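> Handing you this structure, nothing more for now.
The values are calculated or read from the model by the stated rules, or taken from the named source; none is laboratory data. Everything quoted here is computed from the prediction, not taken from an experiment. For neighbour counting, all protein chains shown are included, and Cβ atoms are generated from backbone atoms with ideal geometry for every residue, glycine included.
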Amino acid sequence: MLLSTDLARLTLLGAPSVHPREREKVVLAKGRMDIVQDVYISELVVLNTNTHIETVLFEAPKEGELPSDHSPRWSPNGDLLAFIRKVGVNDELWVYRPSSGSIHALTPKWKVKDFIWSPDSRTIVFTSRVNEINTTAYTVKRIRYKLDGEGMTNGYTHLFEVDVESSEISRITAVESDHGNPAFSADGQSLYYTVDYPDGVDLVKNPQIHVQNRVDGSTTVIAPDVKSVSALVPLPNGSLLGSGKKHTPNSAEFDQWFQVEPGEKEYWLQGNVDVPLGYHVISDSKRTGINTAVVHHAASEFIFFVGTYEGRQSIYRLDSTSSQVAALPLVLNVIAFAVEYCDTREFTVVFVGDAMDRPGELYRAVWKDQNPVQVERITGYNEEMLQQVSSVEVHEHFYKTPDGLTIQGWTMELLKKEASPCAGTILMIHGGPHLAYGHSFHFDFWYLASRGYRIVFCNPRGSYGYGQAFSYGVVGEWGGKDVQDILGFLEDVSAADKFVAEEPLYVMGGSYGGYLVNWLIGHDHRFKAAVTERSICNLYSKIGNSDLGFQINLYELGGQFDLWNDEEHIMDRSPIRYAEQVSTPVLILHGELDHRCPIEQGEQWFLALKRLGKDAEFIRFPGASHAMASSGRPQQRLARLDAVADWFTKNV
């Protein structure tokens, strides 16, 4: 049986970077949790993909110091390596010179969010937030003045440039708006970037693309008719590829590719596939630092990107000349990747990949002439752990809804069942709602399965990976058709796998999944116990105090309701209205610095249930954000796992 402390045995790999000249040299961060110190430790290693030999880049730190390096990127000429080093609360940009073995900080005391090398390897452009906050008092300047995981953001993200020789930093942008997605033209003479709120009002994105001439300092503006931009790829012919949303900035819509020719209006590529661009399969066993979903292989003019399809993150190749898209047929789920080589007949990638029964490792994949892809595993960091724990079996299921949709899902349980009966079935509900369960490693699932529980999980309408229409299908349907999909799947699987009726049935979910847990136990009484974490119980108050509630939740309600004219409808979709009907014992878990689903949601739910005499327990996690379950402090993650296991054991 797994212990919560086994979480610290996992090796967590970051995004790889391939050396531009010696392509067998791949650098990446190798991390783990330190429970005693209550931190994540990560060091940079170079792996030779031919010999599989690992070299640790830097000497062990001094006694009392713990390494925390991640997000390495080779310079275009291969002479330097830039990376992020966490120093105190700051993510500083550092540079390593292999020829001398020296390292030094380029941005001491800065919080760097992302960075790119200039084509000549002389400078690095990075993004950082300029906050206007002091410890006494400050005036809130913008609507988006806070952001989960970052805290108070009463300022804007701007672009800066640092000279790698002198460490001199200069500011590039000045407009009061968030800036991002920096990208250089191949010759280095133009720098492209986005300006999200050019009119100064940050309620809804109205992005522009600015192009800075690096020779004379002038700037031209491109104003495409798009609702958001997530990546920019300048092409040698002067045109520009971008990814973003066409109709709405909300997450229900997929990011797709558009192109802008000089002096012309943007157009959306005919080769777009009905797949959301990006990493959207949920996992609690990854910590990759900066992890791009788009890679431009300039030598071949192909663009590689990650897309989510039917519970798996896969690599797609976009031909920038023909707009044709091809998917690399991988069985594994891609967590992060880099391109080693590419031409019209062959391409090679290195990637961190995982599966439901295997944590992330580094792999190398070669796809040539449309032949079966050849995949080689480079690392086996988690192999020893896997050999020492019980194996699980996973079964895939498809459920047909009454209105004709197909719901994909799975069951997981111990492979070799002991004489004791199943401890019960736990129905897991994912957050989002525009995310997905799938072929990723979930320590939570293994931990609970090792205790004898059967885990049931599926992707109801609204989940990513089943087409744009499927994603839109939950808008205006929270607590409606999504619940029908989940319960229909549960009942279908229960009948097919002949679950024993006397076995206890539990339910657990977080964020939007926590909303559905709260909704379910107010309308359905089949569950012996429930766990709801970082959840929602009152949509009316969340719209006003969440970092994105004023946008996300109003849209998810259908886009036609608001606080001052539709209180009745908003409260009708809020689980707290049905608190009197709850009879299921419920454990409430919430981080105190959760800005996505603020802790007042957990507080309201707990107080309502306790005032009504219901069986409810409330555990608060000081300093924890919305992502606590997947990337929070190690000691809090262990405490969470123990609390969940104890709650289900208590309510047999």
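> Which residues, counting only those in the range 44-74, are among the hydroxyl-bearing types (S, T, Y) and touching a residue at least 60 places away in the same chain (Cβ under 8 Å)?
Listed by number, the residues that qualify are T49, S71.
> Please determine, by comparing only the residues of the range 400-429 that are in a loop (DSSP other than H, G, I, E, B) and touching a strand residue (DSSP E or B) at 6+ places or on another chain (Cβ under 7 Å), which one is surrounded by the most Cβ atoms within 10 Å (Cβ to Cβ).
The selected residue is A423.
> From V456, V493, V517, V474, which residue is assigned to a loop (DSSP other than H, G, I, E, B), in the same structural domain as L609 (by TED's automatic domain parsing), buried (at least 20 other Cβ atoms within 10 Å of the Cβ) and hydrophobic (A, V, I, L, M, F, W, C)?
Every option except V474 fails the conditions.
> Let me spell it out: the conditions are (1) in contact (Cβ under 8 Å) with a residue 60 or more places away in the chain; (2) surrounded by 22 or more Cβ atoms within 10 Å (Cβ to Cβ), and G307 meets all of them except one. Which number is the exception?
Of the numbered conditions (1) in contact (Cβ under 8 Å) with a residue 60 or more places away in the chain; (2) surrounded by 22 or more Cβ atoms within 10 Å (Cβ to Cβ), the odd one out for G307 is (1).
> To continue, here is another question. Being farther than 19 Å from D319 by Cβ and either of a type outside the set (S, T, N, Q) or not in a loop (DSSP other than H, G, I, E, B) (or both) is the filter here, so list the residues in the range 267-298 that pass it.
Within the range 267-298, P276, G278, Y279, H280, V281, I282, D284, K286, R287, G289, I290 qualify.
> Is it the case that some residue within the range 354-370 is outside the structural domain of I455 (by TED's automatic domain parsing) and closer than 27 Å to V260 by Cβ?
Looking through the range 354-370, none of the residues is outside the structural domain of I455 (by TED's automatic domain parsing) and closer than 27 Å to V260 by Cβ.
> Can you name the strands (runs of 3 or more DSSP E) wholly within the range 102-141 that have at least 2 residues being of a type outside the set (D, E, K, R) and crowded, with 17+ Cβ neighbours inside 10 Å?
Result: 112-117, 123-131.
> Would you mind stating whether L557 is surrounded by fewer than 21 Cβ atoms within 10 Å (Cβ to Cβ), closer than 18 Å to G476 by Cα, free of Cβ contacts under 8 Å to residues at least 24 places away in the same chain and in contact with a helix residue (DSSP H, G or I) (Cβ under 8 Å, 6 or more places away or on another chain)?
On the way: surrounded by fewer than 21 Cβ atoms within 10 Å (Cβ to Cβ): yes; closer than 18 Å to G476 by Cα: yes; free of Cβ contacts under 8 Å to residues at least 24 places away in the same chain: no; in contact with a helix residue (DSSP H, G or I) (Cβ under 8 Å, 6 or more places away or on another chain): yes.
In short, no.
> Could you identify the single residue in S166, S185 that is under 24 Å from A298 (Cα atoms), among the hydroxyl-bearing types (S, T, Y) and surrounded by fewer than 21 Cβ atoms within 10 Å (Cβ to Cβ)?
Just a single option satisfies the conditions, and that option is S185.
> Testing V500 on (1) closer than 30 Å to E393 by Cα; (2) free of Cβ contacts under 8 Å to residues at least 60 places away in the same chain; (3) out of contact with any strand residue (DSSP E or B) (no Cβ under 8 Å at 6 or more places or on another chain), one condition comes back false. Which one is that?
Failing condition for V500: (2).
> Okay, moving on. Looking at T248, T173, which one is out of contact with any Asp or Glu (no Cβ under 6 Å at 6 or more places or on another chain), assigned to a loop (DSSP other than H, G, I, E, B) and under 24 Å from I552 (Cβ atoms)?
T248
> If I ask for residues that are closer than 30 Å to A496 by Cα, assigned to a loop (DSSP other than H, G, I, E, B) and acidic (D, E), which ones from the range 350-399 would you list?
Across the range 350-399, the qualifying residue is only D357.
> Whether any residue in the range 180-194 is outside the structural domain of V294 (by TED's automatic domain parsing) and over 28 Å from W268 (Cα atoms) is what I want to check.
No, because not a single residue in the range 180-194 is outside the structural domain of V294 (by TED's automatic domain parsing) and over 28 Å from W268 (Cα atoms).
> Looking only at residues in the range 188-219 that are of a type in the set (S, T, N, Q) and in contact with a strand residue (DSSP E or B) (Cβ under 8 Å, 6 or more places away or on another chain), which one is surrounded by the fewest Cβ atoms within 10 Å (Cβ to Cβ)?
S218
> Take the residues of the range 68-89 that are assigned to a loop (DSSP other than H, G, I, E, B) and over 19 Å from V26 (Cβ atoms): which is nearest to the chain's Cα centre (by Cα)?
Here the residue is V89.
> If you scan the range 90-101, which residues turn out to be surrounded by fewer than 19 Cβ atoms within 10 Å (Cβ to Cβ) and either among the charged types (D, E, K, R) or outside any strand (DSSP E or B) (or both)?
E92, R97, P98, S99, S100, G101 - these are the residues of the range 90-101 that are surrounded by fewer than 19 Cβ atoms within 10 Å (Cβ to Cβ) and either among the charged types (D, E, K, R) or outside any strand (DSSP E or B) (or both).
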